[in-house]
1. Pulled fully out, how much extra length does the chain show between Asp279 and Glu221, if you take 0.36 nm times their separation in residues and subtract their Cα-Cα distance?
2. Just to verify a number: FRET efficiency for Ala393 and Ser51, C-beta to C-beta distance, R0 = 35 Å, to 0.05?
3. When the chain is treated as a GNM, springs tying every alpha-carbon pair under 10 Å, which of Ser133, Ser207, Ser360 comes out with the largest mean-square fluctuation?
4. In the calculated pair distance distribution of the stretch 303-428, what percentage of Cα-Cα distances lie above 20 Å?
5. What's the extension gain from Asp170 to Arg118 if we count 0.36 nm per residue and subtract their Cα-Cα distance?
6. Which value in nm describes the separation of the simple spin-label points at Lys40 and Ala125, placed 7 Å from the Cα toward the beta carbon?
7. Gaussian network model of the chain, Cα springs within a sub-10 Å range: biggest mean-square fluctuation belongs to which of Gly127, Gly316, Gly25?
8. Which of the trypsin sites (Lys or Arg not before Pro) found in the stretch 248-297 are loop residues per DSSP with 16 or fewer other Cβ atoms within 10 Å of their Cβ?
Amino acid sequence: MPPETLVTGQILSFAASPFGTPTPGDAAEVHEAVLIRDGKIAALGQAAALSAQAPQAQRVDLGDALICAGFVDAHVHYPQTAMIASWGKRLIDWLNAYTFPEEMRFGDPGYARGIADRYFDLTLANGTTTCVSYCTVHPASVTAFFEAAQARRVRAVAGKTCMDRNAPADLCDTAQSAYDQSKALLESWHGVDRLSYAITPRFSPTSTRDQLAALGALWGEHPDCLMQTHLSEQTDEIAWVRSLYPEARDYLDTYEAHGLLGARGLYGHAIHLEPRERDRLREVGAALIHCPTSNTFIGSGLFDMAARMAEGQRVGLATDTGGGSSFSMLRTMAAAYEIGQLTGTALHPAQLLWLATAGSAEALHMGGQIGNIAPGMEADLVALDLASTPAIAQRSARANDIWEALFPTIMMGDDRAVKRVWIAGVPI
Ligand code: GUN
Ligand code: ZN
């Protein structure tokens, strides 16, 4: 790798959140060039000035491609790669019919390695440079995932999925083994290279109180770790939680009562929230992870992005592969736009792109390292061809500004739009 690379194109960075700016597009800036040094962003600005500053830099000209931070997918299940797009069920039946049988195959470490490699090949081709994944109950499924991420030098977060009831026996651990195995994996992987560990109770229905408490204790011992779980995805699920935990004030309380509510908590879906749940999530600064293709595919409901942002929640965006129907964060932005329309707000392209990059990074408390292009940040970048298909090209040709040029790619684009991806400054 040359020590310095000077990339020219339309370099898009965010100076602020487009959810906090009256004109969302004003939150972004477009630069002519970005200088990458030692895997990080060294400078942004005019090509001539940066060229004078770094005369030895290798030049890469991407014409009018849009270059932005690599996509950050804040909630996926890599073990569901091979069963994505499974037909005709809602959440609980979908888990039992498709998900659990597939996850059982991860008892074979060779199978886990093969799927982890396939998962990263698919998502890097889609411009995703950071993901947060559930693994399966098997510790080797976590090792396989981290090894595949490490080999590609990508930033990744993952954890062993813990379940000790309401799942097939082969997918169940216990309160004690969930604690012991999670702790051992955390100690092996957390903070190694670009990897970090997330404590991962699947959701309240598949954990006993003892297991939730054990994982809450582990989080208390390692408060710098993220914790990921599911919350209020479908109404049937919420009724089930109520019957399993009659003492709880609401679904969130099943986590709160066991030490599983905190700022580093990632709560997947979080669609059908009670006022108390919304207040507590905001008070602690926890992250709600919106999974729009999953929410339509499994028929879960409509996440009200505008309302959640207006009340000051921290929100990330995610595919939820394979409850989600795509590996693409472009497709995910399109689905978020459509759900926004159905809940009464047209999300601006700047807001969609921010959610897929800086917003998700902030949900992971990694906003200082990834998710934007700014001096000092890790150079995980994606170059988007804004005319990747004839249909997109004929529409973007009429664009009057960068947002009109980008929006057809958000709505109709896929991996064909991903022209180049850099991981820590190195093109792949
Ligand atoms: N809730 C508990 N487990 C899962 C899962 O694997 N996918 C989705 N979408 N929801 C869940
Ligand atoms: Zn999920």
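1. Taking 0.36 nm per residue and subtracting the Cα distance, the gain is 18.3 nm.
2. Between Ala393 and Ser51 the formula returns 0.70.
3. Top of the fluctuation ranking is Ser207.
4. 48
5. The Asp170-Arg118 span can extend by a further 16.3 nm.
6. The modelled label-to-label distance comes out at 3.4 nm.
7. Maximum fluctuation in the GNM of the chain, among the listed residues, is at Gly25.
8. Passing sites in the stretch 248-297 are Arg249.
Since every read-out is calculated from the coordinates, none of them should be taken as a lab result. Since we're looking at a predicted model, the values are computed, not measured. A quick note on method: Cβ atoms are made from the backbone with ideal geometry, for glycine too, and the neighbour counts reach across all protein chains shown.
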